[in-house]
Amino acid sequence: MIGKRWQQVLDTRGDAVAVYFAEGTLTFAQIDERARRLHADDDHVLARGGAIELLTACIAGFTRGLPVHVVEKDRTRRVPASGIPAGTSLIKQTVGGSGVRRCQFFTEEQILSDVDRLHRALGLKEDHVCVAAISPAHSYGLTVTVLQTVLHGVPMHWLPEPFPAPLNVALHQHARVFLPGIPALWRAWLMGGVDLDRVDLAISAGSPLTLELERYAFDAHGVKLHNLYGTSECGAVAYDATATLREDASLLGTLLPDVQAEVADTLVVQSDAVGIGYDELLPCECFGDGRFQTCDRITIADDGLHFVESIGAGINVAGRKLCPDEIAAKLRNATGVAKIDVRGQTSRDPERCQEVVAHVGLPQAEISVEFRQKACADLAPWEIPRRWVGI
């Protein structure tokens, strides 16, 4: 099914540019040739690296009928604890709101439902160029960059780093730009003097979008930041398609077509994009058979969905979901201190969303600069605790 869609893109756009990047361009036909040469394991295709590597791996898997397992560059592949379910076409390896790193499985039909629904909602066209400055290995980035190229022939301009200077260069090369971001990046781009004159569509997802940031983008550049809400398990849920500024920061947007939602303590989503399930299901979780219960407390009103809070254990640092147990284990291994717990705390920086806080079983006076440096030696920059609390 997805293989046929890719063939349709090849038949109509084979000689057109599929990917722009610093060293040149690749056409759709050239990407297809790379995919044909890509090695695959017997039961999956591993997709890891930048957008070009992920795009190549996705095409290789989809056209060969093998599941594509997407893994971030700094992670190793998690072997699914319960095996790969029959009918799986895509495997996401992510933390999500639960704070537990697991595999999520999706059929071709579920992928198509999410990507096509979002394509229609955003109004994307073949003459848009998606400037991809966000991680294509995250669920949001994968759906709005790589999968839009595979299924709809939307070309992308791949940027390995989201810095303002190279972003400006990329934006100036195209007449009609689609620019997806997260609030922390939007603030950096706006403060960094990025020229948004050619941005036809700007969306923000991953963490709450403040009214102040939305207003600044509109007043300074005439660009409306459209809020998008969803989860990796069920895809896009709600979207603010309006051209006017929101007056309520909690407003996420209105439900997308054919997506139903109800409140049962947290939001329960029903749609044809909800995945097959996890490789390990925790007690009381609901994920599968077209239903997913999120970790988000949300109210539903006439004007759309309103965010209240997230009650999951996952730590949201600037749109990146972190597993507290993984961070705590790294800190314990680095220091030899047996009692270290990690939690999330609301950040004073609204675009950062949350901060990592380490609770250490030592007197506060012993948590010195040297101790913290040693403890953080194996952490990624976004995993480093902002606060250290002793006994």
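Considering the range 110-163 alone, what residues qualify as being in a loop (DSSP other than H, G, I, E, B), farther than 20 Å from Asp11 by Cβ and among the charged types (D, E, K, R)?
Glu161
With Ala377, Ala329, Ala358 as the choices, which residue is touching a residue at least 24 places away in the same chain (Cβ under 8 Å), over 23 Å from the mean Cα position of the chain (by Cα) and not in a loop (DSSP other than H, G, I, E, B)?
Values: Ala377 fails: not in a loop (DSSP other than H, G, I, E, B); Ala329 fails: touching a residue at least 24 places away in the same chain (Cβ under 8 Å).
On inspection, the qualifying residue turns out to be Ala358.
Mind checking whether some residue in the range 164-183 is modelled with pLDDT of 95 or more, assigned to a loop (DSSP other than H, G, I, E, B), within 19 Å of Ala205 (Cα to Cα) and assigned by TED's automatic domain parsing to the domain that holds Glu214?
There is at least one residue in the range 164-183 that is modelled with pLDDT of 95 or more, assigned to a loop (DSSP other than H, G, I, E, B), within 19 Å of Ala205 (Cα to Cα) and assigned by TED's automatic domain parsing to the domain that holds Glu214.
If you go through the range 253-273 one residue at a time, do you hit one that is under 22 Å from Thr145 (Cα atoms), touching a residue at least 60 places away in the same chain (Cβ under 8 Å) and in contact with a His (Cβ under 6 Å, 6 or more places away or on another chain)?
no
Outside the structural domain of Val95 (by TED's automatic domain parsing), surrounded by fewer than 21 Cβ atoms within 10 Å (Cβ to Cβ), over 24 Å from the mean Cα position of the chain (by Cα) and not in a helix (DSSP H, G or I): is that true of Asp341 in this structure? It would help to see each step written out before you state the result.
Details: outside the structural domain of Val95 (by TED's automatic domain parsing): yes; surrounded by fewer than 21 Cβ atoms within 10 Å (Cβ to Cβ): yes; over 24 Å from the mean Cα position of the chain (by Cα): yes; not in a helix (DSSP H, G or I): yes.
Here the answer is yes, as Asp341 does meet what is asked.
Does the range 314-324 contain any residue that is of a type outside the set (S, T, N, Q) and either more than 17 Å from Thr94 (Cα to Cα) or surrounded by fewer than 18 Cβ atoms within 10 Å (Cβ to Cβ) (or both)?
In the first step, residues of the range 314-324 are kept if they are of a type outside the set (S, T, N, Q); the result is 314-315, 317-324.
Now restrict to residues that are either more than 17 Å from Thr94 (Cα to Cα) or surrounded by fewer than 18 Cβ atoms within 10 Å (Cβ to Cβ) (or both): none.
Checked against the condition, which is being of a type outside the set (S, T, N, Q) and either more than 17 Å from Thr94 (Cα to Cα) or surrounded by fewer than 18 Cβ atoms within 10 Å (Cβ to Cβ) (or both), the range 314-324 yields no hits at all.
Do we find a residue being in contact with a Cys (Cβ under 9 Å, 6 or more places away or on another chain), closer than 26 Å to Thr56 by Cα and of a type in the set (Val, Ile, Thr) anywhere in the range 231-242? Explain how you work it out, then say what you get.
To start, the set of residues in the range 231-242 that are in contact with a Cys (Cβ under 9 Å, 6 or more places away or on another chain) comprises 231.
Then drop every residue that is not closer than 26 Å to Thr56 by Cα, which leaves 231.
Still in the list and also of a type in the set (Val, Ile, Thr): 231.
There is at least one residue in the range 231-242 that is in contact with a Cys (Cβ under 9 Å, 6 or more places away or on another chain), closer than 26 Å to Thr56 by Cα and of a type in the set (Val, Ile, Thr).
Identify the single condition in (1) free of Cβ contacts under 8 Å to residues at least 60 places away in the same chain; (2) outside any strand (DSSP E or B); (3) in contact with a Gly (Cβ under 9 Å, 6 or more places away or on another chain); (4) over 24 Å from Asp127 (Cβ atoms) that Ala220 does not satisfy, given that it satisfies every other one.
Going through (1) free of Cβ contacts under 8 Å to residues at least 60 places away in the same chain; (2) outside any strand (DSSP E or B); (3) in contact with a Gly (Cβ under 9 Å, 6 or more places away or on another chain); (4) over 24 Å from Asp127 (Cβ atoms) one by one, Ala220 breaks only (3).
Please find, among Ala188, Ala137, Ala86, the residue that is small (Gly, Ala, Ser) and either buried (at least 21 other Cβ atoms within 10 Å of the Cβ) or touching a Leu at 6+ places or on another chain (Cβ under 8 Å) (or both). Talk me through it step by step, then tell me what you get.
Details: Ala188 fails: either buried (at least 21 other Cβ atoms within 10 Å of the Cβ) or touching a Leu at 6+ places or on another chain (Cβ under 8 Å) (or both); Ala86 fails: either buried (at least 21 other Cβ atoms within 10 Å of the Cβ) or touching a Leu at 6+ places or on another chain (Cβ under 8 Å) (or both).
Unique residue meeting the criteria: Ala137.
Is it true that Arg246 is among the charged types (D, E, K, R) and in a loop (DSSP other than H, G, I, E, B)? Please lay out each step first, then the result.
Numbers: among the charged types (D, E, K, R): yes; in a loop (DSSP other than H, G, I, E, B): yes.
Spelling it out, Arg246 is indeed among the charged types (D, E, K, R) and in a loop (DSSP other than H, G, I, E, B).
Can you confirm whether Asp296 is in the same structural domain as Pro208 (by TED's automatic domain parsing), touching a strand residue (DSSP E or B) at 6+ places or on another chain (Cβ under 9 Å), without any contact (Cβ under 8 Å) to a residue 60 or more places away in the chain and under 30 Å from Pro85 (Cα atoms)?
In short, no.
Step by step: first the residues of the range 35-50, then only those that are of a type in the set (Gly, Ala, Ser) and modelled with pLDDT of 95 or more, then the one that is farthest from the chain's Cα centre (by Cα). Which residue is that?
If we filter the range 35-50 for residues that are of a type in the set (Gly, Ala, Ser), which is where we start, we get 35, 40, 47, 49-50.
Filter once more, so that each one left must be modelled with pLDDT of 95 or more: 35, 47.
Working: Ala35: 23, Ala47: 15 Å.
Per the stated criteria, the residue is Ala35.
For the range 1-108, please list each of the strands (runs of 3 or more DSSP E) lying entirely inside it that holds at least 2 residues being within 16 Å of Gly153 (Cβ to Cβ) and assigned by TED's automatic domain parsing to the domain that holds Phe178.
Details: elements: 17-21, 24-27, 45-47, 68-70, 90-94, 102-106.
Of the strands (runs of 3 or more DSSP E) lying wholly inside the range 1-108, those with at least 2 residues that are within 16 Å of Gly153 (Cβ to Cβ) and assigned by TED's automatic domain parsing to the domain that holds Phe178 span 17-21, 24-27.
Quick check on the range 344-354: of everything there that is crowded, with 19+ Cβ neighbours inside 10 Å and charged (D, E, K, R), which residue is farthest from Glu383 (Cα to Cα)?
So the first thing to find is which residues in the range 344-354 are crowded, with 19+ Cβ neighbours inside 10 Å, and the list is 344, 351-354.
Keeping just the survivors that are charged (D, E, K, R) gives 351-352.
On the way: Glu351: 16, Arg352: 13 Å.
Out of the qualifying residues, it is Glu351.
Which ones in the range 361-374 are surrounded by fewer than 13 Cβ atoms within 10 Å (Cβ to Cβ) and either of a type in the set (Phe, Trp, Tyr) or assigned to a helix (DSSP H, G or I) (or both)?
Gln364, Ala365, Glu366, Val369, Glu370, Gln373
The values are calculated or read from the model by the stated rules, or taken from the named source; none is laboratory data. Everything quoted here is computed from the prediction, not taken from an experiment. Every residue, glycine among them, receives a Cβ derived from its backbone with ideal geometry; neighbour counts consider all protein chains shown.
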